[in-house]
Amino acid sequence: MIKRLLLILNVLIPLITFAQTTTGSWKVYSRYTNISKMEQTPDKVYFLSSNSLYSYDKNTQQTYSYSSLNKLNDNYIKDIYYNTEGKYIVITYPTGNIDLLYDNGNVVNVSLIKDAVFTFNPDINDVAFMDNNIYIDTKYGLVVYDEQNHKVK
C-alpha cells in the first residue's frame with residue numbers, strides 16, 4: 001500500500017510543479033469562440049473573436065493576438081475591412097477611432113472622427129476603398145480619407 005502511494009506521489013508531484021508559473025509572469029489564454037468576421041491576406045488570416053483581433057500566419061502557423069498593449073490604439077474592436085490594393089486592414093472601434101494595420105506590421109492611427117466633438121456617438125457603419133481613398137460611412141455622413149497622406153480630404 002505504501003509503495004503504491006509513493007509511486008502515485010512520484011508521478012503526480014512533477015505534474016503539479018510543471019503546471020505552476022513563475023511569480024510575476026502571466027499566461028494569456030485567448031478565446032476563439034464566437035468568431036464574427038474574417039479577412040484573408042496573402043500571408044495571414046485576420047479574425048475577430050469577442051471584439052478582439054487575432055491573426056493566423058499561414059507560413060508559421062502561429063496565432064497572434066492584437067491589443068492596445070502591443071499594437072492597437074483602442075480596445076473593443078467593432079469591425080475589420082481589408083484593402084487588397086493598399087495591403088492593409090482597417091480596424092474600426094465604436095468610439096470612432098480607426099487603425100490601419102499594414103501587411104508589414106506598421107500601424108497608423110486615424111483618430112479624427114474619434115476626436116471630433118459630437119452630441120452623439122460617432123459610430124462607423126461601413127468602409128469602402130477606391131482610387132487610393134478610404135470612404136468611411138458614419139452616423140453623421142461620409143468621410144473621405146487619403147490613404148497615401150493619411151489625412152482627411
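The values are calculated or read from the model by the stated rules, or taken from the named source; none is laboratory data. Since we're looking at a predicted model, the values are computed, not measured. Methodologically, a virtual Cβ is constructed for each residue, glycine included, from the backbone with ideal geometry; neighbour enumeration extends over all protein chains shown. Calculation scope for accessible area: heavy atoms of the full protein, side chains included, ligands and nucleic acids excluded. Shrake-Rupley method; radii C 1.70, N 1.55, O 1.52, S 1.80 Å.
Once both labels are positioned 7 Å from their Cα atoms along Cα-to-Cβ, the gap between Asn109 and Asn73 label points is 0.6 nm. Heavy-atom accessible surface of region 84-138, averaged per residue, reaches 48 Å², computed with a 1.4 Å probe. Residue by residue, region 148-153 carries 3J(HN,Hα) couplings of 7, 8, 6, 9, 7, 7 Hz when phi is fed to the Karplus relation 6.51 cos²θ - 1.76 cosθ + 1.60 (θ = phi - 60°); x denotes Gly or Pro. Over region 29-153, the Kirkwood radius and the radius of gyration, each from Cα atoms, give a ratio Rg/Rh of 0.95.
Note on Ser111: accessible area is roughly 30 Å² with a 1.4 Å probe, heavy atoms of protein only.
Heavy-atom accessible area for Ser36, with the other protein chains in place and a 1.4 Å probe, reaches approximately 90 Å². Along each principal axis, taking the top coordinate minus the bottom one, the Cα set of region 57-112 gives 35, 27, 17 Å in descending order. One equal scatterer on each Cα of region 79-153, no solvent, Debye formula: the resulting log10 I(q)/I(0) at q = 0.15, 0.27 Å⁻¹ is -0.44, -1.47.
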